[in-house]
Amino acid sequence: MRIAILIALFFVFVSDSANADDPAARPAASATDIEYFEKKIRPLLANRCFSCHSSKAKSVKGGLKLDSDGALFAGGDSGPAVVAGDPEMSLLIQSIRYDKDADFQMPPKGRLPAEEIAELTAWVKRGAPFPPDTNPAPQKDGGIDFAAAREFWSFRPAEEQALPQTKAANWPQQRLDHFVLAAMEQKGLVPSAEADRATLLRRLSFDLIGLPPTP
Ligand code: HEC
């Protein structure tokens with residue numbers, strides 16, 4: 001019994017490491033492959049799919065980008081889009097054939113002409129050659145693209161910003177005031193008049209010790 005389990009595990013590991021959708025397991029695309037891809041396949045994908053499945057798409061659908069090798073083989077929410085050499089097992093091909101339910105019929109607006117389906121099928125059969133990525137493959141950790149995330153403003157070094165335009169030009173006394181005033185003006189607010197010294201002192205006293213100042 002134990003031996004049977006070991007043998008089963010062995011095959012799980014072996015078949016997993018030889019998985020055809022592991023990009024590392026694919027031979028590098030030859031110059032002819034790349035020329036073929038650029039002439040026949042990229043224009044087709046760009047024309048029919050990139051509006052919803054590329055880095056430039058306003059919102060990437062199904063988590064799937066088709067404009068880089070890494071992204072194509074990493075796939076979308078449902079896993080790899082392409083199994084190199086095996087159109088039948090490739091979600092991309094199933095989707096353009098309209099084999100699957102309506103959610104996975106691509107492009108959603110209507111089936112591609114038969115020649116284009118044949119073209120993409122032939123490409124996958126040929127091993128889905130794709131020019132190597134110039135950028136590293138996107139991280140697949142829960143769909144987080146760490147390179148992009150690091151560009152978020154709070155992770156970037158502070159930089160001196162140009163002062164915003166304000167109407168009440170003589171109110172700001174230091175740089176920060178310009179930004180505060182600009183935001184107030186945007187909301188139609190005007191700064192309060194400056195308090196006299198006795199009022200300031202009273203506020204300060206309440207603020208610091210919670211009691212009114214002595215006369
Ligand atoms: C108008 C937008 C649009 C266009 C154009 C489009 N798709 Fe999609 N695609 C979607 C949406 C939306 C989903 C997500 C469906 C879902 O998860 O219910 C999707 C999902 C997919 C998936 C499954 C991704 C996953 O992992 O779940 C594949 C594969 C796919 N599309 C391939 C293509 C191909 C190939 C083309 C071009 C021939 C194409 N799509 C064109 C909108 C589009």
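The values are calculated or read from the model by the stated rules, or taken from the named source; none is laboratory data. What you see is a predicted model; the values in this text were computed from it and never measured. So basically every Cβ, Gly included, is an ideal-geometry build from the backbone, and we count neighbours across all protein chains shown. When the accessible area is computed, the model is the full protein with side chains, heavy atoms only, and any ligands, DNA or RNA have been set aside. Shrake-Rupley method; radii C 1.70, N 1.55, O 1.52, S 1.80 Å.
Some values worked out for this structure:
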read-out: Cβ-derived FRET efficiency at R0 45 Å, Lys109 paired with Gln186, nearest 0.05; value: 0.65
read-out: Accessible surface, segment 20-132, averaged per residue in Å² (probe 1.4 Å); value: 53 Å²
read-out: Surface accessible to a 1.4 Å probe, Met106 within the full protein complex, Å²; value: 50 Å²
read-out: Amide H partners (placed H, <5 Å) of Phe130, local residues excluded; value: Ala29
read-out: Cβ-derived FRET efficiency at R0 45 Å, Thr32 paired with Phe152, nearest 0.05; value: 0.60
read-out: Heavy atoms of Val180 accessible to a 1.4 Å probe, total area in Å² rounded to 10; value: 70 Å²
read-out: In Hz, Karplus ³J(HN,Hα) per residue of segment 101-108 (6.51, -1.76, 1.60; θ = phi - 60°; x = Gly, Pro); value: 5, 3, 4, 10, 9, 10, x, x
read-out: Cα convex hull volume per residue for segment 48-180 (Å³); value: 170 Å³
read-out: Violating pairs (Cα-Cα greater than 21 angstrom) within the set Lys40/Lys61; Lys61/Lys125; Lys65/Lys109; value: Lys40/Lys61; Lys61/Lys125
read-out: Amide proton proximity set for Gly76, modelled H, under 5 Å, gap of 5+; value: Ala81
read-out: Phe130 - accessible surface, heavy atoms, 1.4 Å probe, Å² rounded to 10; value: 10 Å²
